[in-house]
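Undergrad: Encoded as structure tokens, here's the structure I'll be asking about.
The values are calculated or read from the model by the stated rules, or taken from the named source; none is laboratory data. Only a predicted model underlies this, so the values are computations on that prediction, with no experimental measurement involved. Glycine also receives a Cβ, built like all others from the backbone with ideal geometry; neighbour counts cover every protein chain displayed.
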């Protein structure tokens with residue numbers, strides 16, 4: 001018997017709606033992904049153009065090269081930018097993850113006063129336009145000698161990353177059964193020991209994905225860097241930004257391709273960590 | 001409240017609890033518990049019984065009053081220093097640890113040497129008959145197995161007291177009965193002191209040494225199960241423990257421990273034991289258990305006779321439940337064992353019910 005695609009009660013309008021939704025969803029996906037994918041082949045262009053050459057379309061091996069990747073690696077500006085992005089990203093993520101997790105735990109306690117107000121304040125860096133935050137930080141941080149050095153940028157990026165950690169950790173905490181924590185206490189574990197032995201393993205997926213978001217936020221960020229960074233703290237997005245203005249060539253496409261690869265690797269790692277931690281938490285019945 | 005010997009192992013004196021500084025959830029809680037006793041706090045939901053448990057465990061603060069454990073006040077001791085085991089309704093097993101790791105956790109926290117921990121874990125796994133499941137994660141166990149692990153985990157570190165917060169609430173009926181036996185068996189074998197919280201009276205009656213019936217933030221009565229069932233002190237306890245009938249009436253005569261009550265809307269008078277009812281002339285409710293009433297003419301030699309009309313009957317299986325109407329229109333239920341040909345009546349047919357006077361108790365009208 002042939003499998004029916006639609007329930008028998010479907011009218012022509014139901015079917016039209018079904019296909020309409022399907023096509024528009026595909027279209028949205030295409031508009032999201034194609035501009036990113038198109039960068040990848042162009043970054044291997046042998047010519048210093050941003051368009052497909054005849055050789056590229058006919059898959060002539062001579063039309064492709066790694067010269068922009070070489071250029072990226074050999075250019076001291078790009079090397080510094082990559083180093084800066086990693087240093088700032090890692091430390092900002094560390095700070096954002098620790099503070100954000102602590103804030104989320106505090107905010108989910110039922111004894112926390114002014115919960116909504118504090119939550120709104122902590123999440124405001126996500127909502128307030130970045131340019132306003134950046135300008136504010138510039139004037140404020142300058143007074144404390146935090147403009148034009150790593151410390152200032154790390155703090156600024158940590159502030160931008162904290163809301164992501166708070167949101168993801170709070171989400172995992174809502175499904176956390178508080179009686180587990182009480183059980184730890186009743187067995188004689190101090191509050192701190194109960195927290196690390198019982199709460200942390202349970203909320204780890206939220207902490208990890210929050211940390212990833214915080215890192216990507218710092219890694220992508222250009223506005224705050226434009227305001228706060230001195231010449232020594234140029235990050236990758238900042239270098240791309242000036243590259244676009246000064247010497248426009250496919251090196252930035254090569255950098256973009258590397259960034260896309262990093263982002264994809266991040267997402268895959270995230271998913272693997274999530275699965276592993278679900279298994280460790282005993283949520284997977286077939287473990 | 002009790003006259004037993006050394007009943008002051010755990011004692012509560014005038015405990016009060018308020019969450020909002022205005023209304024008291026626990027109004028006045030005083031109770032003594034003996035070492036090795038199985039004491040149940042029984043009450044409807046919202047009666048404050050879980051709050052009492054949380055105050056013993058230290059997860060809730062005490063607004064006023066004192067809790068003494070083995071002669072020492074514990075209200076100012078941090079929860080993790082009280083050495084009190086706890087079994088939660090949702091088991092609260094650590095899902096990221098295996099069964100053996102769950103059992104070992106309280107011992108590890110106490111820095112017991114590893115070989116002693118292993119021996120103890122093995123002993124308790126055998127005790128709950130899960131010796132081959134030590135390596136499994138909680139998610140791979142059934143509800144009953146999980147609760148056995150939770151129980152073993154609360155006992156393994158020799159706590160001075162074990163608290164159980166409706167531990168069988170999430171299990172189905174069959175499993176619940178099995179676990180009742182299991183808990184009773186462990187209690188007999190190890191002899192720990194238990195404070196058990198439940199709203200299920202069958203559970204309370206079958207497992208406890210004593211039951212404290214809790215309502216409106218006050219202990220209504222604290223006694224052994226049979227005393228509670230047969231001699232309830234007030235009409236809340238009479239109503240809450242087991243099934244009961246209440247017949248409205250007025251007290252017309254007194255005779256020592258017995259009173260005579262005229263049934264509402266009728267001429268009959270019945271003799272009953274004195275409960276917490278008032279003096280002659282005051283309104284009262286007479287409680288008579290459904291199994292202590294007989295349908296005429298089977299037991300004509302009883303003290304009391306009440307005229308009623310037949311309404312309907314329910315076939316329950318081991319017994320049959322008859323519904324009759326009292327003269328004032330209220331229902332009265334009679335349980336008859338299903339051991340012979342059960343009588344059949346027509347709707348509205350006048351019937352006489354009889355009872356012994358020691359099975360009737362008059363309480364103050366509410």
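Undergrad: Where residues in segment B:152-173 are more than 14 Å from chain A (Cβ to nearest Cβ) and in contact with a helix residue (DSSP H, G or I) (Cβ under 9 Å, 6 or more places away or on another chain), which of them is surrounded by the fewest Cβ atoms within 10 Å (Cβ to Cβ)? Walk me through it before giving the result.
TA: Restricting attention to segment B:152-173, the residues satisfying the condition of being more than 14 Å from chain A (Cβ to nearest Cβ) are B:168, B:171-173.
The next check asks that each one be in contact with a helix residue (DSSP H, G or I) (Cβ under 9 Å, 6 or more places away or on another chain); those that pass are B:168, B:171-172.
Working: B:168: 26, B:171: 19, B:172: 10.
For segment B:152-173, the residue satisfying everything is B:172.
Undergrad: Determine, yes or no, whether residue A:131 is touching a helix residue (DSSP H, G or I) at 6+ places or on another chain (Cβ under 6 Å), away from chain B (no Cβ under 14 Å) and at pLDDT 95 or above. Spell out how you get there, then give the answer.
TA: Numbers: touching a helix residue (DSSP H, G or I) at 6+ places or on another chain (Cβ under 6 Å): yes; away from chain B (no Cβ under 14 Å): yes; at pLDDT 95 or above: no.
Against the criterion (touching a helix residue (DSSP H, G or I) at 6+ places or on another chain (Cβ under 6 Å), away from chain B (no Cβ under 14 Å) and at pLDDT 95 or above), residue A:131 does not qualify.
Undergrad: Scan segment B:359-366 and give yes if some residue there is under 18 Å from residue B:284 (Cα atoms), surrounded by fewer than 12 Cβ atoms within 10 Å (Cβ to Cβ) and touching a residue at least 24 places away in the same chain (Cβ under 8 Å), otherwise no.
TA: Yes, because at least one residue in segment B:359-366 is under 18 Å from residue B:284 (Cα atoms), surrounded by fewer than 12 Cβ atoms within 10 Å (Cβ to Cβ) and touching a residue at least 24 places away in the same chain (Cβ under 8 Å).
Undergrad: Quick check on segment B:27-39. Is at least one of its residues part of a strand (DSSP E or B), more than 20 Å from the chain's Cα centre (by Cα) and more than 14 Å from chain A (Cβ to nearest Cβ)? Lay out the reasoning, then the answer.
TA: Here is the first cut: in segment B:27-39, the residues part of a strand (DSSP E or B) are B:27-33, B:38-39.
With the extra rule that they be more than 20 Å from the chain's Cα centre (by Cα), the set shrinks to none.
The answer is no; no qualifying residue exists.
Undergrad: Something else about it: State whether one or more residues within segment A:256-278 are facing chain B (nearest Cβ under 9 Å) and in a helix (DSSP H, G or I).
TA: The answer is yes; a qualifying residue exists.
Undergrad: Yes or no: segment B:86-109 includes at least one residue that is within 19 Å of residue B:195 (Cβ to Cβ) and free of Cβ contacts under 8 Å to residues at least 12 places away in the same chain. Explain how you work it out, then say what you get.
TA: The initial filter retains those residues of segment B:86-109 that are within 19 Å of residue B:195 (Cβ to Cβ), namely B:86-92, B:106.
Now narrow it down to the ones that are free of Cβ contacts under 8 Å to residues at least 12 places away in the same chain: none.
Checked segment B:86-109: no residue is within 19 Å of residue B:195 (Cβ to Cβ) and free of Cβ contacts under 8 Å to residues at least 12 places away in the same chain.
Undergrad: Let me ask something else about it. Just to be sure, is residue B:51 free of Cβ contacts under 8 Å to residues at least 40 places away in the same chain, under 26 Å from the mean Cα position of the chain (by Cα) and not in a loop (DSSP other than H, G, I, E, B)?
TA: When the stated conditions are applied, residue B:51 passes them.
Undergrad: Applying the selection to segment B:88-122, what residues are away from chain A (no Cβ under 14 Å), farther than 23 Å from residue B:189 by Cβ and in a helix (DSSP H, G or I)? Step through it out loud before you land on a result.
TA: Our first condition is that a residue be away from chain A (no Cβ under 14 Å); within segment B:88-122, this holds for B:113-116, B:118-119, B:122.
Next, only the ones that are farther than 23 Å from residue B:189 by Cβ stay: B:113-115.
Correct list: B:114, B:115.
Undergrad: Let me ask something additional. Test residue B:125 against the criterion of being away from chain A (no Cβ under 14 Å), at pLDDT 90 or above and surrounded by 16 or more Cβ atoms within 10 Å (Cβ to Cβ), and give yes or no.
TA: For residue B:125, the condition - away from chain A (no Cβ under 14 Å), at pLDDT 90 or above and surrounded by 16 or more Cβ atoms within 10 Å (Cβ to Cβ) - is met.
Undergrad: Out of the residues in segment B:66-82 that are in contact with a helix residue (DSSP H, G or I) (Cβ under 9 Å, 6 or more places away or on another chain) and assigned to a loop (DSSP other than H, G, I, E, B), which is modelled with the lowest pLDDT?
TA: Taking the candidates together, the pick is B:75.
Undergrad: Hey, can you tell me all the residues within segment B:210-227 that are over 19 Å from residue B:48 (Cβ atoms) and in contact with a helix residue (DSSP H, G or I) (Cβ under 7 Å, 6 or more places away or on another chain)?
TA: B:225, the sole residue that qualifies.
Per-residue answers, yes or no, for (1) touching a helix residue (DSSP H, G or I) at 6+ places or on another chain (Cβ under 6 Å); (2) under 26 Å from residue B:227 (Cβ atoms):
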| residue | (1), (2) |
| --- | --- |
| B:316 | no, no |
| B:322 | no, no |
| B:330 | no, no |
| B:333 | yes, yes |
| B:339 | no, no |
| B:342 | no, no |
| B:345 | no, no |
| B:352 | no, no |
| B:358 | no, yes |
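Conditions (1) in a strand (DSSP E or B); (2) free of Cβ contacts under 8 Å to residues at least 40 places away in the same chain; (3) not assigned by TED's automatic domain parsing to the domain that holds residue B:330, marked per residue:
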| site | (1), (2), (3) |
| --- | --- |
| B:247 | yes, no, no |
| B:253 | yes, yes, no |
| B:266 | no, no, no |
| B:272 | yes, no, no |
| B:276 | no, no, no |
| B:279 | no, yes, no |
| B:291 | no, no, no |
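Undergrad: OK, next. Can you confirm whether residue A:166 is surrounded by 15 or more Cβ atoms within 10 Å (Cβ to Cβ), closer than 30 Å to residue B:81 by Cβ and either within 14 Å of chain B (Cβ to nearest Cβ) or within 23 Å of the chain's Cα centre (by Cα) (or both)?
TA: The answer is no for residue A:166.
Undergrad: Only residues that are over 25 Å from residue A:209 (Cα atoms) and part of a helix (DSSP H, G or I): list them for segment A:100-133, please.
TA: Listed by number, the residues that qualify are A:131, A:132.
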